[in-house]
1. Taking θ as phi - 60°, what are the ³J(HN,Hα) couplings along the stretch 114-120 by the Karplus curve (6.51, -1.76, 1.60), each to the nearest whole Hz, with x for Gly and Pro?
2. Residue separation times 0.36 nm, minus the C-alpha to C-alpha distance between Gln342 and Ser13: what's the value?
3. Looking at the stretch 47-98, which trypsin sites (Lys or Arg not before Pro) are in a loop (DSSP not H, G, I, E or B) and have at most 15 other Cβ atoms within 10 Å?
4. Taking 0.36 nm per residue of sequence separation and subtracting the Cα-Cα distance, how much length would be gained by fully extending the chain between Leu2 and Lys21, in nm to one decimal?
5. Collect residues whose amide H, placed 1.01 Å from N in the peptide plane, falls under 5 Å from the amide H of Leu319; neighbours closer than 5 in sequence don't count.
6. Looking at the chain as a GNM with Cα springs under 10 Å, which of Ile199, Ile22, Ile169 has the largest mean-square fluctuation?
7. Of the heavy-atom accessible surface of the stretch 80-136 (probe 1.4 angstrom), what whole percent is carbon and sulfur?
8. Which whole-angstrom value gives the distance between the alpha carbon centres of the stretch 118-182 and the stretch 247-277?
Amino acid sequence: MLDELERAGIPASAVVNGKLKIYTGLDPRWMAYAEEAMRRAREPQWPKDVRAGLVAVDPADGAVKAFYSGDPKRGVYDSVFEPVAQAASTFKPYVLAAALRRGFNVRTAVPGRSPLRFAPDGSVTPMTAPGYRVSNDEKIGSLGTIDLVKATELSVNTGFVKAALKTGIANVAETARRFGVPESALRPYRGQAGLALGIANVSAAVQAAGYAAFANGGTAVTPHLVTRVVDARGRRVPLPWDRPGGRVLTGEQAAQATYAMRAVVTGGTGRRAALPDRDAAGKTGTSDGNHAAWFVGYVPQLAASVVLTRAEPGPLEGLPGHPGRVAGEDLPSSVWHAFMAQVTRGMPAEPFAEPAFTGTAANWDDTVEKKEPGGPAAGRGTPSAGVPQAPSRTPDPDGSSGAPADARSRKKWCAAPGHEDAAGCAGM
């Protein structure tokens, strides 16, 4: 907490000498629920080098409502506010958001085949050619053409790398930064396609706050323990996070992202996180070699993240009560469920906003043979079956719009600075 005050320009000496009163948004009952959820998973019996963190954030303002960093008898460390693990696939929603911000929608088709090798422009190249080789998790295997909803539901690596390259790695990084991922975490991986698969280290608090922006309809929040500071004269001291956060998605774009992450919980890798009395959305994550495992999710009123990782090299395995290797789809999802089932008891079951699926449903799968111009891709299937036809324009959070539908207006729009790579401008 003192570190947080220092970052807000309030030195520790001022807290004591200035007789400041410090208030937090922590809920003692929720703190107990967080500890109980971990203890039910036998966390106190885990090896000392296993780090465990759980944190819950209010989507309205970013206030931390509860957290747990592990049994102190196993060691005192901060696995909630420090970046102890790679984000792994919990970074993928930022890729999804980047595509949405560029005017594409979640019905955009991507390749699900595995393995694939990608050129820097996103095109699929022969496996013997130079490029970035990507494989799906062995439980997923090789799929056909899928849309971004299915890619999110099953956490399809090849589909997300394709989406990141087509959207632009720089755009993905900038989108993640707007959601609250620190620049220091992103900088080492600028221009690297692996950023899409979560190679950057992030904290559980950052991820909970990032997903809070999806929960609240698209406004970024800063995670913080201190909610109010009052000086000796009773005056409130301004704090940086008192100011409203920037809008990173429109309400429609946030609803589409949530639609995809709801599929993760209802039928995908995060089924164990499902709540009995309300919809939930979220994303699992498992780093290479099962060194770290995540579940980050939300309901409209609360976002929470669970992370497990090892301090030493090696996989998360052999934990008491959990035979085999730990992945995001099992232990973190179960802990998240146990915590959220308690804190949402008595909380109104608010519905998520339903998307209209505006924006461009592009076809980014170049692994199948295309038919004549204007025809569907051979073997594509129907990733957009049952979805309403998309309007021709989608507003961007900053107030700009996507390319117009008619050719003459679109050509003029695409010629304007900054629109060259926008959706609908290819070949203009």
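The values are calculated or read from the model by the stated rules, or taken from the named source; none is laboratory data. Keep in mind that what you see is a predicted model, and the values were worked out from it rather than measured. Cβ coordinates were reconstructed from backbone atoms using ideal geometry, including for glycine residues, and neighbour counts include every protein chain displayed. Note: accessible area is taken over every heavy atom of the protein model, side chains too, but ligands, DNA and RNA are not part of it. Shrake-Rupley method; radii C 1.70, N 1.55, O 1.52, S 1.80 Å.
1. Along the stretch 114-120, the couplings run 8, x, 9, 10, 10, 7, x Hz.
2. Here the answer is 114.6 nm.
3. Here the trypsin sites (Lys or Arg not before Pro) that fit, given the DSSP loop and packing criteria, are Lys48.
4. Roughly 5.6 nm would be gained on extension.
5. none
6. Among Ile199, Ile22, Ile169, the largest GNM mean-square fluctuation belongs to Ile22.
7. Details: 1030 of 1890 Å².
Carbon and sulfur: 54 percent of the exposed surface of the stretch 80-136.
8. That distance is 19 Å.
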